[in-house]
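The values are calculated or read from the model by the stated rules, or taken from the named source; none is laboratory data. Everything numeric here is computed off the predicted structure, so don't read it as measured data. We place every Cβ from the backbone using ideal geometry, glycine too, and count neighbours over all the protein chains shown. What goes into the accessible areas is simple: the full protein's heavy atoms, side chains included, and nothing from ligands, DNA or RNA. Shrake-Rupley method; radii C 1.70, N 1.55, O 1.52, S 1.80 Å.
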Amino acid sequence: MNQRLPVRGPQGDLLRLVATGKAESRAELARLSGLAASSISLRVEELIDAGLLAEEGSGTSRGGRRPRRLRLSPAAGVLAVADLGAHHVRLGLLDLSGSPLVIQERPCEIADGPRATLDRVADAFDALLAEHVPAGVPLRGVGTGVPGPVDPATLRVVTPSRMPGWNDFPVADHLATRYDLPVLVENDANLMAVGEARHWPGSENLMVVKAGTGIGCGVVVNGRLHRGRGAAGDISHVRVRSDSSILCACGHPDCLEAYASGAALAGALAEAGIEVTRPADIVTLVNDAVPEATSLVRNAGRRIGEVLTVLVNFFNPDVVAVGGSLSAAEPLITSIRAAVWERCLPLATRDLEIAPARAGRDAALLGAGTLLLEAVTRP
Ligand SMILES: [Zn+2]
């Protein structure tokens, strides 16, 4: 049963249609794939024999014989996914349909460098697999999100902020020395955007802002992640208007990140004598009505909103979803909305939703599952 194949090619396409819930019968597979019924039957039998699909007797009937219902076999395999933050990692195991089997959060300092960090993640994967996955159920793929730009051609991290030692590190190659499997490496905001898009049915064009220690944005166009050359959606180093001048970690003055990221707000609070260690601490201060924190978060939201104004006019998304640990501070979204409503074209904002992200804290892991299923089932 512990087979790597056949999950690619035509079988992979059929498996993915069932795993993503788009098809649950042979007839639906035939309609969606365009393959002949005889060909579908042959391949479905192969997938059942390989322990990847199971077929049950019931299904939605439109009169006549009840169709048999296809579903993913529990033995079809699991995906191991992680989302690296500055000071922690969320990681877990998903089934091939993207449903979490187990998810954990562990402390993890990304500043320890790529080897130590990735080996810690892989050790955690191995421990979860040993504890939660029965023998004979194969691991099918491994994926991680990183809080920096990723070159989609080489799967290396390129000139990240606050990730010392990671520049040009071959993240995928390093993981592949441990797992001889498809490996996914993706910017964390991109993963979040993919996971979030699943929660906005009917919306094809989304911008998903991640406001945490840094600021990121993932872009979904016509239902698919838009990577561009790898840095699409990266709004962190857009220059903002300011009377003062702050040098950003990238060496340029007055980047959005230097004013509106969790790291920047923590720095400003420290100057006011208020020590915080994580963006969540800033949210707590806002909820406790500490005026310095509320004022800084409102200001950050306005600056993010001003940058988004340009992008909303240009891209005309259906949804701007705001996630990340700082998004739990209510004034952030209120100020983003105010800036966008004030300056954007009415046609761009008439049906635009600017809302808190819906997918919750595991959005990036769910997005990793979606992209990894594609990597596992496509040649
Ligand atoms: Zn910068």
Inter-label distance for HIS132 and ALA289, nm, one decimal - labels placed 7 Å from Cα along Cα-to-Cβ: 4.1
Starting from the exponent 0.38 and prefactor 2.2 Å, build the expected Rg for segment 289-379 from its residue count and divide its actual Cα Rg by it. 1.31
Would you work out the charge dipole size for segment 69-224 about its Cα centre, treating the Cβ of every Lys and Arg as +1 and the Cβ of every Asp and Glu as -1, and quote it to the nearest 20 debye? 380
Would you mind getting the accessible area per residue of the chain, heavy atoms of the protein chains only, 1.4 Å probe, in Å²? 46
Between the modelled labels at LYS22 and ARG162 (7 Å from Cα along Cα→Cβ) the distance in nm is 3.7
If I ignore ligands, DNA and RNA and count only protein heavy atoms, how much of TYR179 is accessible to a 1.4 Å probe, in Å² to the nearest 10? 20
Would you mind computing Rg(Cα) / (2.2 N^0.38 Å) for segment 108-212, counting N as its residues? 1.19
Cα coordinate range in segment 159-249, projected on the principal axes (Å, largest first): 53, 41, 22
Which whole DSSP H helices in the chain pass both tests: a Cα extent of 20 Å or more along the axis and a mean Kyte-Doolittle value no lower than -1.0? 114-132, 291-315, 330-343, 363-377
Using the Cβ atoms and a cut-off under 10 Å, what net charge is assigned to the surroundings of ALA249, where Lys and Arg are +1 and Asp and Glu are -1? 0
Can you give me the solvent accessible area of ILE354 with a 1.4 Å probe, rounded to the nearest 10 Å²? 10
If I model a spin label as a point 7 Å beyond the Cα along the Cα-Cβ vector, how far apart are those points for HIS88 and GLU342 in nm? 3.4
Take the Cα radius of gyration of segment 225-379 and divide it by 2.2 N^0.38 Å, with N its residue count; two decimals is plenty. 1.13
Have a look at THR144, GLY369, VAL89 and report the one farthest towards the positive end of the charge dipole of the chain, computed about the Cα centre with Cβ charges (Lys/Arg +1, Asp/Glu -1). GLY369
With every protein chain left in place and a probe of 1.4 Å, what is the accessible surface of CYS255, to the nearest 10 Å²? 0
Nearest 500 deg cm²/dmol is fine: what mean residue ellipticity at 222 nm does the chain get from its DSSP H runs of n ≥ 4 alone, each adding -39,500 (n - 2.57), divided by its residue count? -12500 deg cm²/dmol
Give me the net charge of THR377's neighbourhood, meaning all other residues with Cβ under 11 Å from the Cβ of THR377; Lys, Arg count +1, Asp, Glu -1. +2
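Starting from the Kirkwood Rh over alpha-carbon pairs, what translational D in µm² s⁻¹ does the chain have by Stokes-Einstein at 20 °C and 1.002 mPa s?
97
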Note down the magnitude of the dipole of segment 269-309 about its Cα centre, charges +1 on Lys and Arg C-beta and -1 on Asp and Glu C-beta and zero elsewhere, to the nearest 20 debye. 220
Roll a 1.4 angstrom probe over the protein heavy atoms and tell me the percent of accessible area of the chain that is carbon or sulfur. 51
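Please give the net charge around LEU129, taking every other residue with its beta carbon less than 14 angstrom from that of LEU129, where Lys and Arg add +1 and Asp and Glu add -1.
Details: positive: ARG140, ARG178; negative: ASP95, ASP123, ASP126, GLU131.
In short, -2.
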Antiparallel content of DSSP bridges confined to the chain, in %, to 5: 60
Give the ranking of THR349, THR377, THR284 by solvent-accessible surface, highest area first, calculated with a 1.4 Å probe. THR284, THR349, THR377
If you put +1 on each Lys and Arg Cβ and -1 on each Asp and Glu Cβ, how big is the dipole of segment 246-379 around its Cα centre, in Debye rounded to 20? 300
